[in-house]
Number of protein chains: 2
Amino acid sequence: MAFYAPPIARLLEELERLPGIGPKSAQRLAYHILRGEEDSAQRLASAILEVKRSIRFCERCFNFAESEECDICSDGSRDASVICVVEEPRDVVAVERTGEFRGLYHVLQGAISPIDGIGPEQLRVRELVDRLGRESVAEIILATDPDIEGETTALYVSRLIKPLGIRVTRIASGLPVGGDLEYADEVTLGRALEARREM
Amino acid sequence: MAFYAPPIARLLEELERLPGIGPKSAQRLAYHILRGEEDSAQRLASAILEVKRSIRFCERCFNFAESEECDICSDGSRDASVICVVEEPRDVVAVERTGEFRGLYHVLQGAISPIDGIGPEQLRVRELVDRLGRESVAEIILATDPDIEGETTALYVSRLIKPLGIRVTRIASGLPVGGDLEYADEVTLGRALEARREM
């Protein structure tokens, strides 16, 4: 038996396709939309359509962009000699939030994961190498995730770029600030010991 | 500094207005929409607009409906002499899923909650009483939530309806099926003892 009127069922179905949204969350969201203002549903729907219409990939760094180049690539005040290589556009936001980095980015749009059938060809690795041929770059910071896929990707990209005579660095692994030694996993703690610094 | 292109920022803002969606979830949803098919964003946006356009409240029971009366109210095979009173449309779905109830519903659209400024006037209580004047009803089952607001509402509605000579019942409170005595809170266990039945 159909418990929902067809338009509600359709909305639930579309909401459940979203990541992290199960049947219960979908129901909560649908009811919120149903009970809310006509206007706010309009704004949500048009924000969804607008983002698809106006956002594309930056032709230089493959971050999300509104025009050919993203705001970061087209910002002349940034240091174009350092490129931070990340997996996803959200990682650009994470690094930007630190306020510590004034160079440019290169978004690989994923990480090497043989189990998911993702090799270097599926990523923007070729585009990175092409870019290094055109641009004058002194350092590549590999800021892929510190997990198996990210480490594999970092290793692969580093082997590809080092022969070009460009300095390649990797972000540090270690204990998170505010973390607790007792609860750190042994791999992280091992890396933190290995990467110890003089005080 | 703006970390996101304006259309992405706008979508994030709209997504964060939804219940249970914080900044991290909003980002995950936005990136899913951005990386997904044009087509699936279209379907999501139109499902949102469609649901607002086509769904209204049933004029009889105040459940969501596509026309004047909802599918349940207009189903002649259901027993119109029993009305199950619930707080929200989602509760109708919950009761329907049991497959145990063949009567009609009345959706109060909330529960009495003085702290939130919700009194009987904000609910569809008047409409229930009017309905009992028009329809021939033998039993009202109060299926509001077993929390303070739901109990208050049940008590209020029961006092209003009992003088009309209609049988008023309340769904049972007790231990959930598959539950564990050890972990039951004392109020629930107390209710379960109080409502014990002969075996």
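Every number here is computed from the coordinates shown, using simple stated rules; none is lab data. Since the model is a prediction, treat every value here as computed from it, not as a measurement. In this analysis, Cβ positions are derived from the backbone assuming ideal geometry, glycine residues included, and neighbour counts consider all displayed protein chains.
Brief remarks on what is shown
- Crossing angle, helix B:89-98 versus chain B [Cα axis fit, 0-90 degrees, rounded to tens]: 60 degrees
- Proximal aspartates and glutamates relative to B:K24, as straight alpha-carbon distance under 13 Å, when same-chain residues fewer than 8 apart are discounted: A:D91, B:E13, B:E16
- Cleavage-rule hits (GluC sites (Glu not before Pro)) in segment A:150-199: DSSP loop, at most 14 neighbouring Cβ within 10 angstrom: A:E198
- Think of the protein assembly as shown as having a plus end and a minus end, set by charges on the Cβ of Lys, Arg, Asp and Glu; of B:L142, B:I118, A:I115, B:I118 sits farthest toward the positive end of this dipole.
- Against chain B, whose longest principal axis is taken from its Cα atoms, helix B:148-161 shows a tilt of about 50°.
- In range of the label at A:L160: residues from segment A:50-71 whose backbone nitrogen is under 20 Å from the point 7 Å along Cα→Cβ: A:57-64
- CD proxy at 222 nm, helix term only [per DSSP H run n ≥ 4: -39500 (n - 2.57); per residue of chain A; nearest 500]: -13000 deg cm²/dmol
- Neighbour-limited loop hits for GluC sites (Glu not before Pro), segment A:18-83 (at most 11 other Cβ within 10 Å; DSSP other than H, G, I, E, B): A:E37
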